[in-house]
């Protein structure tokens, strides 16, 4: 091996170790904060806070994008004091991450007060003070950057879980949140409760040249997406995909392939498991289950590719009787699944029984 190659390899090894060390140290630091209440309280002193009101994050507009501002503990105490609030409500905050420099990030809901220390803050007054808006997270999806979206997803899911799980299911007694919000404990029997996610499969069905997209009545007008459904108790991922496709559109899956996964805070907290699936040849007639869906249809490669190029919801023109459909936002795994199909639709999928994850 030449001297140049040896130096290059050592440099590559150095940078790989450095990147790995950053990830490991961050992970272990967050673990410490979740397990050690005193360490987490100390981290709050130098950390920063994202603010919510009734599960809606505070957002500010900048260059056609929504940004989530962060506030120091001192700024947060000043805000609470200005509105006559007890600073003890900061105890309701939850840990949602940290920077590479180990600045801890927390989230606090000013509209949900699980400890009943004081009344919730009035949203309009806080918005005016902070020069932002508490916006429903679903409505902000098209204009959030990826980093903010991931943190806000985590924050909303944790805040919602704590608000809905304040009592022990066995004793009926109030449970107590640890400082980080990574668990709740029942003081009467020491049962520990951890936040949970529900597994959901989201499947893009193809017949080889077209993909199947569907919409529910709750979707925004004109939006279509991949099929999705919760996993039933006792099911494998593969069984859930086959059942959901059969239930919702009356088609039988012949092959499937795992793509990726994503935490999704709606409707509560879900783990979206994305898959590609193909149906048996000749079985392409859709039978829509109207209890589950409002509509479903096959779309060509060109139709879907055109929809992907649109930025956000499609605005109907005056001369259009039937406007084109539009797709979920880029940060949604459904969008990535559809984009993946457009780019690789001619690649064969492995047979169903052999494909495991």
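The values are calculated or read from the model by the stated rules, or taken from the named source; none is laboratory data. Because the structure is predicted, anything quoted here is derived from the model rather than measured. Don't worry about glycine lacking a Cβ; one is built from the backbone with ideal geometry, like all the others, and counts go over all protein chains shown.
Being over 13 Å from the mean Cα position of the chain (by Cα) and at pLDDT 95 or above is the filter here; which residues of the range 136-159 pass it?
Correct list: 159 only.
Filter the range 212-223 down to the residues that are touching a strand residue (DSSP E or B) at 6+ places or on another chain (Cβ under 6 Å) and either surrounded by fewer than 23 Cβ atoms within 10 Å (Cβ to Cβ) or not assigned by TED's automatic domain parsing to the domain that holds residue 284 (or both) and list them by number.
Within the range 212-223, 214, 215, 222, 223 qualify.
For (1) in contact with a helix residue (DSSP H, G or I) (Cβ under 6 Å, 6 or more places away or on another chain); (2) assigned by TED's automatic domain parsing to the domain that holds residue 141; (3) modelled with pLDDT of 60 or more, each residue gets a yes or a no:
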{"position": "289", "(1), (2), (3)": "yes, no, yes"}
{"position": "301", "(1), (2), (3)": "no, no, yes"}
{"position": "305", "(1), (2), (3)": "yes, no, yes"}
{"position": "315", "(1), (2), (3)": "no, no, no"}
{"position": "320", "(1), (2), (3)": "no, no, no"}
{"position": "323", "(1), (2), (3)": "no, no, no"}
{"position": "333", "(1), (2), (3)": "no, no, yes"}
{"position": "341", "(1), (2), (3)": "no, no, yes"}
{"position": "348", "(1), (2), (3)": "no, no, no"}
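Restricting the search to the range 201-219, which residues are part of a loop (DSSP other than H, G, I, E, B) and either modelled with pLDDT of 95 or more or on the phi < 0 side of the Ramachandran plot (or both)?
Listed by number, the residues that qualify are 207, 209, 216, 217, 218, 219.
Could you go through the range 227-248 and let me know if any residue there is touching a strand residue (DSSP E or B) at 6+ places or on another chain (Cβ under 7 Å), part of a loop (DSSP other than H, G, I, E, B), at pLDDT 95 or above and outside the structural domain of residue 54 (by TED's automatic domain parsing).
The answer is yes; a qualifying residue exists.
What about residue 203, is it out of contact with any helix residue (DSSP H, G or I) (no Cβ under 9 Å at 6 or more places or on another chain) and buried (at least 19 other Cβ atoms within 10 Å of the Cβ)?
Against the criterion (out of contact with any helix residue (DSSP H, G or I) (no Cβ under 9 Å at 6 or more places or on another chain) and buried (at least 19 other Cβ atoms within 10 Å of the Cβ)), residue 203 does not qualify.
Of all the residues that make up the range 250-280, how many are in contact with a helix residue (DSSP H, G or I) (Cβ under 7 Å, 6 or more places away or on another chain) and not in a strand (DSSP E or B)?
So the count comes out to 6.
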